[in-house]
1. Search the structure for amide H atoms under 5 Å from the amide H of residue 309, placed 1.01 Å from N in the peptide plane, and list their residues when 5 or more places away or on another chain.
2. Calculate one ³J(HN,Hα) per residue across the range 333-347 by plugging θ = phi - 60° into the Karplus curve 6.51 cos²θ - 1.76 cosθ + 1.60, and present them in order as whole Hz with x for glycine and proline.
3. Kindly write out, for the range 428-441 in residue order, the coupling ³J(HN,Hα) from the Karplus curve 6.51 cos²θ - 1.76 cosθ + 1.60 (θ = phi - 60°), rounded to whole Hz, with x marking Gly and Pro.
4. Count the net charge of all other residues whose Cβ sits under 15 Å from the Cβ of residue 258, scoring Lys and Arg as +1 and Asp and Glu as -1.
5. Quick one: length gained pulling residue 377 to residue 90 fully straight, 0.36 nm per residue minus the C-alpha distance?
6. With a cut-off of 8 Å between alpha carbons and a minimum separation of six or more residues, what is the relative contact order of the range 231-363 in percent?
7. Assuming a ≥ b ≥ c are the square roots of the Cα gyration tensor eigenvalues, decide whether the range 60-109 counts as rounded (a/c under 1.5), prolate (otherwise, with a/b larger than b/c) or oblate.
8. Of the options 277, 292, 241, report the single residue whose Cα projects farthest towards the positive end of the charge dipole of the range 211-327 (beta-carbon charges: Lys, Arg +1; Asp, Glu -1).
Amino acid sequence: MESSTRETRYHRRKRLTSFDSDSDDSDYDVSDSDVSGLMYLLDEPALKISGKRLMKGLDIPHVKIPEGIEDIRQFAFLEFSKLISVHFPNSLINIQSDAFYKCSSLKSVDLSSTRLSRIGKRAFSMCTSIQSIQLPKTLNTIDVAAFYGCTSLTNVVFSVGLDNIGTFAFYECTSLTSVDLSQTSLSRIENATFDRCTQLTSVKLPTSLTSIGDSAFSNCTHLTSVELPDSLTSIESGAFSMCTGLTSVDLSQTSLTSIGYGAFYRCTSLSSVVFPSAPALQINGDTFSLCTMLSVLVPPCQVDPFAFVNCRLVLNASGNTIHNSIVIDPRIIELRQRLMALWSQNVRRQGRMRQSGKHYKLLLSKGMMDYELQQSNRERPEVLEIWTEIKQLLVGVPRRDEVVEFLFPKIIEGGKRLVRMKSYLNQPKETKVFKKVLDDLGITEPRRYRNWKGRLESQFKAQLRF
């Protein structure tokens, strides 16, 4: 008789498709025939339900949810502080709001084999012991504050079909180190989604992304760099504010039309920002304020006068007033790009000549030297023309030496290495396309002398003369 009763109980549970502990009745027994709310199988057959949740204080460490269950209802396991693990069935489609709220002992969540499409609001919020989460490919929505305050969470594998993450979804996940959203279909990172993830160092964003919401990555103090997709059109207020470890931001390939108020406020390690060529771009107030290490060239765009308060060096080619900036002629931007393109060609050519001498221990052939002379004769007049125009545009510019060092760091650093190379020093003058530029920058060729074997040697000596 007892065996028959157990079998009946099992089959009744097996037919269930949802668990709803939201009941107004005071007590339900798992073994009763009217337990249509229950959806899990436990060792304790007399487990009771009280009010909106199972009775608090029960020492239930492990839960196995049987196949056939599709829905975990609101408050189902609310504040089950002793719960360590949950086995989810393949049939699971939905986890509703607050289902596992404040299950402070829950260690991991593996949903990878389920058919889950949605994780509800605060579903795993304040589960402070969760270390990892595996999500299924079927998942398309992580709702508001779903994993809020999961302070032990270090790793999340995001699903390919994911197209919506709610506000505060991973707020204050202080152990989370990396976020890879590159395979998702997200078009927006919502407000405060990863705010206060203080150990976050790496972020990969999807190519479908068009906007980053308010404070989305605010206070991520260990984030050092972020690669933004071409599709991005908007960075909203405070999106990366207080990211004190952020060192560089390249916006040049994005489609940005707006950078919100305080978007990069007080990023105290930020030293480099490259803007897109977009006259319609709007840079709002305090966007880069208190970025005390930042040296930046602001191209023609719409910019608030207080967008760059207390930055190290602001070169203003925007055509608008920016407080504490140095106004420069916007033509310098194009001239600089042309000069840097010619410098890159010259560096590659120097590398080819150096490798030829290194591998074959031979002087350059007459044919190769003729080719280099032809290239040099074409480039040298263009370089001199561009350089002369740049110098004219910089006449009377305040802090000119500092401005030049900011505009041409690659030429300065590369030039110092170049004049130490024997392959360069042994070239004819006619092939040294950037000699005049390097001379003006104070990067001169070392004095030549004969060593004890009678061979020509060099002694490097630089004197800044620009």
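1. For residue 309, whose amide H was placed from the backbone, the distant partners under 5 Å are 286, 288, 289, 290.
2. Karplus-based 3J(HN,Hα) across the range 333-347 equals 4, 5, 4, 4, 4, 5, 5, 5, 5, 5, 4, 4, 4, 5, 5 Hz.
3. x, 4, 4, 8, 8, 4, 9, 4, 5, 4, 5, 4, 5, 7
4. Charge balance in the 15 Å sphere: -3.
5. Stretched out fully, the residue 377 to residue 90 stretch lengthens by 96.2 nm.
6. Relative contact order, the range 231-363: 16 percent.
7. Oblate shape, in that a/c is at least 1.5 and b/c is the bigger or equal ratio.
8. Comparing the listed Cα positions along the dipole, 292 ranks first.
Bear in mind these aren't lab numbers, they're just calculated from the coordinates by the rules spelled out. Treat the numbers as computed from the prediction; the structure is a model and nothing was measured. Cβ atoms come from the backbone with ideal geometry, glycine included; neighbour counts cover every protein chain shown.
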